[in-house]
Amino acid sequence: MSAVQPRRSIESAPISDSRERLREARAALGEAYLARPEAARYLHGHRRLVDNLLRTIWQQASFPPTFALVAVGGYGRGELFPHSDVDILILLSAPLSSDLRETVERFVGNLWDVGLEIGHSVRTVAECAEEAAKDITIRTTLFEARHLAGSRTSFRALEEAVRRDFDVRRYFKAKRIEQEQRHEKFQDTPYSLEPNLKESPGGLRDLQVILWVSRAARLAKDWRALAAQGLITTAEAHQLKRHEDLLRHIRIRLHLATARREDRILFDYQDALATQFGIQPTGSKRASEVFMQRYYRTAKAVTQLNTILLQNLGAAIFPSHGTEPEVINERFQSVRELLDARDTEVFEREPGAILESFLIMQQRSGLKGMTAPTLRALWRARAHIDASYRRDPANRARFVEILQQPRGIVHEFRRMNQYSILGRYLPPFGRIVGQMQHDLYHVYTVDQHILQVVRNLRRFTMVEHAHEYPLCSRLIADFDRHWLLYVAAIFHDIAKGRGGDHSKLGQIDARRFCVAHDLAPEDTDLVAFLVEHHLTMSTFAQKRDLADPDVVAEFARIVRTERRLIALYLLTVADIRGTSPKVWNAWKGKLLEDLLRAARAVLRGDAAGFDQDVQAKQAEAKRLLRLYALSDNASKELWRQLDLAYFLRHDPQEIAWQTRHLHYRAAPEKPVVKARLSPIGEGIQVMIYCRDQPDLFARICGYFGQIGDNILDAKIHTTRHGYALDTFLVLSPPGSSPYREMSSLIEHDLAERLERHAPLPPPVNGRVSRQLKHFPVTPEVHIQPDERGPYHVLSITAGDRPGLLYAIARVLGKYHISLHTAKIVTLGERAEDVFVVTGAALEKERTMLRLENELLAALQ
């Protein structure tokens with residue numbers, strides 16, 4: 001069926017029949033597109049189809065002849081993607097009467113009834129002009145207005161009203177600010193693993209902004225006209241058309257595949273899109289990764305051309321008359337607050353000026369960017385950065401100088417990456433540009449994650465951001481040559497995707513860089529250490545028992561010096577923060593800070609022995625209890641039942657809190673459950689005190705799983721007289737009740753559940769996230785004896801899902817395994833949990849094998 005036949009049928013069909021006919025016509029358009037992919041043909045064909053339907057329904061509505069039906073927004077522009085909203089304006093000649101209001105409501109209702117997703121407004125010309133003056137978005141929407149039906153006189157009046165008193169300079173500034181704000185929502189990068197191809201930097205919106213401004217300024221209506229005006233070259237106009245076509249193709253296919261308005265290139269669709277584009281996997285990359293790298297190249301080019309064009313448009317809209325350039329040196333000058341190469345051939349003659357341009361950008365705070373000719377010249381000259389360029393001592397010194405600058409490090413490294421300068425100067429970095437990471441917790445490509453880590457480190461140095469991480473800001477302020485941390489950040493993940501341990505391979509690259517750039521031996525050793533051990537501190541903090549002095553001593557032996565410790569702490573915080581906004585939380589921050597303080601004490605020789613540490617904690621706990629009018633004797637009965645391990649694993653505040661609630665009931669008949677806002681300010685800390693019972697851990701995990709809370713940490717303790725004294729840190733999902741209400745609910749319901757001793761319900765397999773569906777985690781179970789005692793360490797890795805911890809706890813309960821500590825680590829969609837356990841089943845090899853197999857089955 002051709003696209004024309006259904007349109008004729010729709011025009012003559014009554015409203016009741018039009019829905020099915022529209023569906024058939026759209027399906028035919030989709031089939032025709034897939035058979036012969038032409039984006040413009042599809043978009044214009046779909047627009048004509050909807051145009052004709054709207055005109056028919058408008059005629060049937062019997063509106064007054066002075067009213068008009070106007071297409072606005074993307075639909076007004078003539079581009080209608082498969083599931084985009086159909087934005088219309090019902091243009092009135094006068095305010096609506098009650099009869100006409102009913103006519104309008106019936107008309108809009110009919111549009112929804114036939115299957116159109118309508119975005120509509122009803123205004124007079126005067127109201128449109130008033131709204132356009134107040135709202136830049138509405139003005140842009142009306143700039144793209146297109147007459148569909150009704151009065152052409154009213155439509156012309158609308159065009160004149162929207163243009164009346166229009167200030168193109170104000171419009172240009174507003175559009176630039178709007179774009180900057182939109183980019184900021186996406187972390188100023190197109191390199192998200194699941195980018196929004198419409199709104200992200202380098203997406204369709206960046207192209208539309210250019211045309212909105214150029215049309216508003218009456219300079220050009222399309223890419224060819226922009227080239228004719230000299231605002232871009234003919235080659236750049238062809239590039240823009242090619243990139244626009246690819247983005248349009250991807251968006252059309254996304255809409256068709258999902259049967260909805262979906263503009264995010266989610267993992268769910270990347271394989272299918274790669275197949276549709278005829279992309280095959282390579283030896284080292286999936287087809288979806290090859291496809292995404294093609295998208296990233298397009299987004300990168302769009303970002304470059306958007307920068308160039310907006311600069312040229314700004315120069316045309318804000319002509320500078322008689323303003324003399326400010327000469328910086330023989331190679332560069334400042335023009336309109338932009339760095340300008342005095343001769344665009346300077347990079348060809350003197351390639352060293354390439355790095356010099358970025359250094360000048362850092363050193364002159366008044367510069368807001370580079371001129372379009374300079375950016376073009378940089379892009380053309382990038383091939384001059386070869387092996388001999390990288391060996392030149394002057395270039396090496398200049399690159400180190402860029403790293404050492406007090407400002408501009410992030411902006412200029414991003415600019416260097418955008419124009420492929422950074423990857424040319426550091427070939428290992430060039431190999432990871434646009435490289436995907438399917439580890440379920442990184443949300444950026446490798447190169448963008450690295451630059452995010454550099455950004456985080458830089459923010460630690462800035463006074464205006466000191467409130468975010470006060471400890472990090474204090475530490476880096478006293479850290480001599482903190483620019484070495486930037487070097488470590490650049491190399492910490494640079495070896496990903498090569499096979500082997502990327503930390504060790506990256507350490508080799510980092511050391512080679514430091515030696516080549518004449519860094520002092522101690523600085524070289526520091527950078528190499530940080531790269532090799534950039535995961536060590538998070539591993540110790542999140543998976544080891546920090547209450548064990550031997551664990552802290554082991555970590556201290558690895559770092560060896562306080563300078564290394566502080567550097568590793570700063571890099572670790574910046575690294576975790578740079579993976580994804582969802583990975584970091586206050587609990588991880590506290591674990592890292594606790595390890596920092598404990599290791600620092602060891603390195604300074606201030607670490608107290610077991611007895612001294614316990615005595616100090618007890619003394620502080622008693623001081624806190626006195627604030628609640630409790631004497632030092634109040635704690636005796638309870639503390640008599642607690643052993644050394646309890647006091648080592650709990651801080652004084654926790655000891656005082658629990659003692660305050662238990663000192664008068666050291667042996668209660670009913671379970672005692674108390675909850676409070678966690679001292680770290682995030683999550684709820686829950687204390688459970690009751691007679692020890694089989695499957696207690698499973699019951700608790702099952703309860704928290706049922707109410708949707710995530711367990712971040714568990715301290716499991718059994719008193720000398722057979723009571724369980726367990727402490728959990730839980731995090732409620734977004735949108736939950738306030739913590740006071742949640743605390744009361746937990747105290748009541750959990751105590752009631754533990755008192756009932758009901759049989760454990762079967763585990764319920766929660767909904768698996770879409771990321772896990774596409775990148776499943778192979779479950780792993782490892783049980784190893786602890787060298788220093790009767791304990792075993794159980795390590796579990798699996799894809800995270802609701803009910804996972806409960807499923808694990810049920811298996812452990814079945815084998816009568818006792819838990820002593822639980823480290824619950826969630827990295828995005830990946831769970832990495834560590835338990836310290838004991839039990840007779842762990843002493844027999846055959847039983848332990850069965851336990852491992854049952855745990856693996858529960859993790860599937």
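The values are calculated or read from the model by the stated rules, or taken from the named source; none is laboratory data. Here the structure is a predicted model, which is why all the values come from computation and not from measurement. Here Cβ is always computed from backbone atoms with ideal geometry, including for glycine, and neighbour counts include all displayed protein chains. We work out accessible area using only protein heavy atoms, side chains counted, and drop any ligands, DNA or RNA first. Shrake-Rupley method; radii C 1.70, N 1.55, O 1.52, S 1.80 Å.
Values as computed for the structure displayed
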read-out	value
Meets criteria (over 21 Å from Ser154 (Cα atoms), crowded, with 20+ Cβ neighbours inside 10 Å and touching an Asp or Glu at 6+ places or on another chain (Cβ under 9 Å)) for Leu53	yes
Matching residues, the range 99-126, being open to solvent by 30 Å² or more (accessible area, probe 1.4 Å), part of a helix (DSSP H, G or I) and touching a residue at least 12 places away in the same chain (Cβ under 8 Å)	Leu100, Arg106, Asn110, Asp113, Val125, Ala126
Residue match in the range 68-82 (condition: touching a His at 6+ places or on another chain (Cβ under 9 Å), surrounded by fewer than 17 Cβ atoms within 10 Å (Cβ to Cβ) and under 30 Å from Gly278 (Cα atoms))	yes
Residue satisfying condition, being surrounded by fewer than 17 Cβ atoms within 10 Å (Cβ to Cβ) and of a type in the set (Val, Ile, Thr), within set Thr282, Thr307, Thr303	Thr282
Selection within the range 678-693 - part of a strand (DSSP E or B) and either closer than 12 Å to Asp713 by Cβ or under 27 Å from the mean Cα position of the chain (by Cα) (or both)	Ile684, Gln685, Val686
Out of Ala574, Ala645, Ala634, Ala656, sole residue that is closer than 16 Å to Leu725 by Cα, among the small types (Gly, Ala, Ser) and crowded, with 18+ Cβ neighbours inside 10 Å	Ala656
Filtered residues of the range 364-407 (kept if modelled with pLDDT under 95, more than 17 Å from Gly352 (Cα to Cα), in a helix (DSSP H, G or I) and open to solvent by 70 Å² or more (accessible area, probe 1.4 Å))	none
Test: residue in the range 704-713 that is in contact (Cβ under 8 Å) with a residue 60 or more places away in the chain and over 33 Å from the mean Cα position of the chain (by Cα)	no
Test: Leu339 is closer than 25 Å to Arg169 by Cβ, touching a residue at least 40 places away in the same chain (Cβ under 8 Å) and not basic (Lys, Arg)	no
Odd one out for Leu339 among (1) touching an Asp or Glu at 6+ places or on another chain (Cβ under 8 Å); (2) in a strand (DSSP E or B)	(1)
Any chance Lys588 is open to solvent by 30 Å² or more (accessible area, probe 1.4 Å) and either out of contact with any Cys (no Cβ under 8 Å at 6 or more places or on another chain) or at pLDDT 90 or above (or both)	no
Answer from Val515, Val573, Val552 - the residue that is modelled with pLDDT of 95 or more, within 33 Å of the chain's Cα centre (by Cα) and among the hydrophobic types (A, V, I, L, M, F, W, C)	Val573
Any hit, the range 463-483, residues being within 27 Å of Ala353 (Cβ to Cβ), out of contact with any Gly (no Cβ under 6 Å at 6 or more places or on another chain) and either of a type in the set (A, V, I, L, M, F, W, C) or without any contact (Cβ under 8 Å) to a residue 24 or more places away in the chain (or both)	yes
Test: His748 is over 16 Å from Gln706 (Cα atoms) and either modelled with pLDDT of 85 or more or open to solvent by 70 Å² or more (accessible area, probe 1.4 Å) (or both)	no
Every residue from the range 505-546 that is buried (at least 19 other Cβ atoms within 10 Å of the Cβ), hydrophobic (A, V, I, L, M, F, W, C) and part of a loop (DSSP other than H, G, I, E, B)	Leu519, Leu546
Hits in the range 169-187 - residues which are of a type outside the set (Lys, Arg), open to solvent by 40 Å² or more (accessible area, probe 1.4 Å) and more than 11 Å from the chain's Cα centre (by Cα)	Ile177, Glu178, Glu180, Gln181, Glu184
All positions within the range 484-502 that are surrounded by fewer than 19 Cβ atoms within 10 Å (Cβ to Cβ) and not basic (Lys, Arg)	Gly497, Gly499, Gly500, Asp501
Matching entry among Ala94, Ala145 (being surrounded by fewer than 21 Cβ atoms within 10 Å (Cβ to Cβ), in contact (Cβ under 8 Å) with a residue 24 or more places away in the chain and aliphatic (A, V, I, L, M))	Ala94
Residues of the range 317-328 classified as modelled with pLDDT under 95 and either crowded, with 16+ Cβ neighbours inside 10 Å or within 32 Å of the chain's Cα centre (by Cα) (or both), total	1
Checklist (1) closer than 24 Å to Leu80 by Cα; (2) touching a Leu at 6+ places or on another chain (Cβ under 7 Å); (3) touching a residue at least 40 places away in the same chain (Cβ under 8 Å); (4) of a type in the set (Gly, Ala, Ser) applied to Ala237, failing item	(3)
Long-range neighbours under 9 Å by Cβ, at least six apart or interchain, first residue basic (Lys, Arg) within the range 837-860, second not in a helix (DSSP H, G or I)	Arg850/Tyr815
Residue satisfying all of: in the range 408-460; hydroxyl-bearing (Ser, Thr, Tyr) and at pLDDT below 95; nearest to Asp493 (Cα to Cα) among these	Thr445
Selection status of Leu595, of a type in the set (A, V, I, L, M) and in contact with a Lys or Arg (Cβ under 7 Å, 6 or more places away or on another chain)	no
Residues (assigned to a helix (DSSP H, G or I) and open to solvent by 30 Å² or more (accessible area, probe 1.4 Å)) located in the range 408-446	His411, Arg414, Arg415, Gln418, Arg424, Pro427, Gly430
Some residue of the range 189-197 being among the aromatic types (Phe, Trp, Tyr), buried (at least 23 other Cβ atoms within 10 Å of the Cβ) and under 30 Å from the mean Cα position of the chain (by Cα)	yes
Residue among Arg224, Arg264 that is touching a strand residue (DSSP E or B) at 6+ places or on another chain (Cβ under 8 Å) and open to solvent by 50 Å² or more (accessible area, probe 1.4 Å)	Arg264
The range 839-860 - residue that is of a type in the set (S, T, N, Q) and open to solvent by 30 Å² or more (accessible area, probe 1.4 Å) and, of those, nearest to Ala645 (Cα to Cα)	Asn853
